[in-house]
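Accompanying notes for the structure given below.
Coordinate-derived values only; no laboratory data. Just so it is clear, the model here is predicted, and its values are computed rather than measured. Quick reminder, even Gly has a Cβ in these numbers, built from the backbone with ideal geometry, and neighbours come from all protein chains shown.
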Amino acid sequence: MTQPMNRDAPTQGRRSAEAAEPAGPTEPIGLLGTVPARLSRRGALGLLSATAAGVLAGCTALPSSSRVTRSGVAASDTNALIETAPGPGEGDSAEDIVNGFLRATIAGFSDDFATAKQFLSDHAVAQWKPLETVSAYSGSTEPQVSVAANGSFTVTSGQVGVLNSLGVFTPAPEGSTYTGEFSLATNSTGQWRIVGLPHGILLPLSRLMQNFAVSSLAFLSRDRSRFVPELRWYPRSSQADSLVSGLLAGPSDWLAKGASSLIPRNAERAGRGVVVEGGTATVHLSADSDPASEDARGLMVAQIEQSLVQISGIDHVRVLAGTVDLGAAAQLTPMAPEVGGIVGMSEGSVVRGTGARRVTLASDRVLGTSDARSPSLGADGAVYALSASSLLRLPRGQGSASVILSVGDPSAGAGGLGAPMGDRHGWAWLLAEGRLTAVNGSGQRATLESSWLQDGTVAAFDLSVESERIAVRRTDGRVAVAIIIRDQDGRPTGLGPALEMPRASGTGTRGLSWCAPNAVCVLAAAGTEGGSVPEVRLVQVGGAVNTLVGVRRARSVISDRSEESLLIVDEDGQTWQRRGAMWRVLTAEVTDPSFPLP
């Protein structure tokens, strides 16, 4: 026998359609729906959380049991409602106990799962770890409770992802299923209780977002000049302490070969942990948490500050190692820096900007060809462009471009080169005959070692805003992100382990661009509300998914990577920009647009 979990009062969910073209305003959804021209540090990072909230508001129903009630407002968070659920009743059936337990776990964040534990035997209470694993389902389909022949119960539901005890959220492939086995027995008074159950809890995604805050941990690039963010989900009730603990533990394995921390390995939280008073968070660490040197202290404090100022009410951070004040934070480039204007081609020249005041960066005379295409601007001011089967480079201030890479037969026209991308270390990245390639200004190629990326399997790629991570679409449609491994001079030597992104992958998806410090975007086949118009799918790395209706005949999607600008190029060569809830034609005169890396 299979029954849905007993809930009959779902709250209303909503999904807003985006304007595919400037035909009239519609309501924006989540990330990049309405983005100011400039973002503060907290604003840029806060949009990560806003994205997930947008998903919940836009794409899921938010069910809540008729027996789970909201009874007040928590004193520590004016946005957090206290929820309660009843405990087991006298004479409840075994199935009632399972359903009651599931309801009580949803409300468990208000009472530290005390009510949920009433449904368990004493032995099960001692073994159960509710936050070891949190499995999330969309909320559009209720969990099903079925009874096996041996009297045990199986709970099944769709699964959108799993959150582990470290705060790492792993999205599940579409169509994934959660299965949990429960066994019951009667106690000394003849009442049914759960004696065997999975570790963790099962929550609708709406309640996951309600009880966990999405935050970025700030790790450091190898040269210690940029932050490398990693998204984590932490309980709202302990967000500040959890962020500090996450920094102390270091980056996840997929980032560890290229991102690091200046926090000593033996550092520990001490005393009261993180104390917030008057907008200042004082972080108490053990005495051996002091890295000793002034430079290391500044970088360590910068990591902690960058992570904590995401929390509303924290504007300043003070770090104590024992009784020693570690001083002021070092000043690093923020995660969402100002990138600047679009670079593209206009009448054979490389230009920056799309309006009447656009600036010529390299004329066709300087490039030595009138057929240049796919330009890019390096952080050092060098201009890159393709000409037939060659990559041209024009250093800042020079009068002529030189060829730094050629492939195939020059008479073969476009050859096998893809659009170049100049990183902040002076390397140009591109696809050369299907092979991911990095070349410096002298024409030296880097040897990129990778355990998961084979030659000829790359269809598209993009570099993150700090130039330390790469997103790759393979020819089989799968998308993954990885850290770029570099030597002390910034030369790329390989890629770290792949972190697969199933929601950015698959049949019907194409293109790839970083659209935020912790999110990539792809074009996807039209959804149910978009008719024949492709969707832009925005996928957080370790977070939620949002979709925007795009424009007709969309060919590619590009972004400045820092949450401020999202563009679509259509089959007619027009570039569309999203403003508010609408797409508007930005330019048809400037082609092959790209954003430089800062």
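Data table
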| quantity | calculated |
| --- | --- |
| For segment 226-242 and segment 255-300, distance of Cα centres in Å | 14 |
| Among 536-546, 418-428, the order from most to least packed when residues are scored by Cβ within 10 Å on average | 536-546, 418-428 |
| Among 286-297, 199-210, the order from most to least packed when residues are scored by Cβ within 10 Å on average | 199-210, 286-297 |
| Under 13 Å, Cβ to Cβ, from TRP427 - net charge with Lys/Arg +1 and Asp/Glu -1 | 0 |
| Relative packing of 591-597, 298-304, 431-437, which averages over residues the other C-beta atoms within 10 Å, highest first | 298-304, 591-597, 431-437 |
| Cβ-based net charge around LEU255, under 14 Å, with every Lys or Arg adding one and every Asp or Glu removing one | +2 |
| Global form of segment 145-284, assessed from the alpha-carbon gyration tensor, a/c cut-off 1.5 | prolate |
| Long-range HN-HN contacts of PHE212 with modeled amide H, under 5 Å | ARG236 |
| For segment 63-210: rounded, prolate or oblate by the Cα gyration tensor [a/c cutoff 1.5] | oblate |
| Around VAL383: net Lys/Arg minus Asp/Glu count, Cβ-Cβ under 12 Å | +2 |
| Three-way shape call for segment 343-594 based on the alpha-carbon gyration tensor, with the a/c threshold at 1.5 | oblate |
| q = 0.17, 0.24 Å⁻¹: log10 I(q)/I(0) that the Debye formula gives for segment 222-323, counting C-alpha atoms only | -0.75, -1.51 |
| For CYS515, distant residues with modelled amide H under 5 Å away | VAL520, CYS521 |
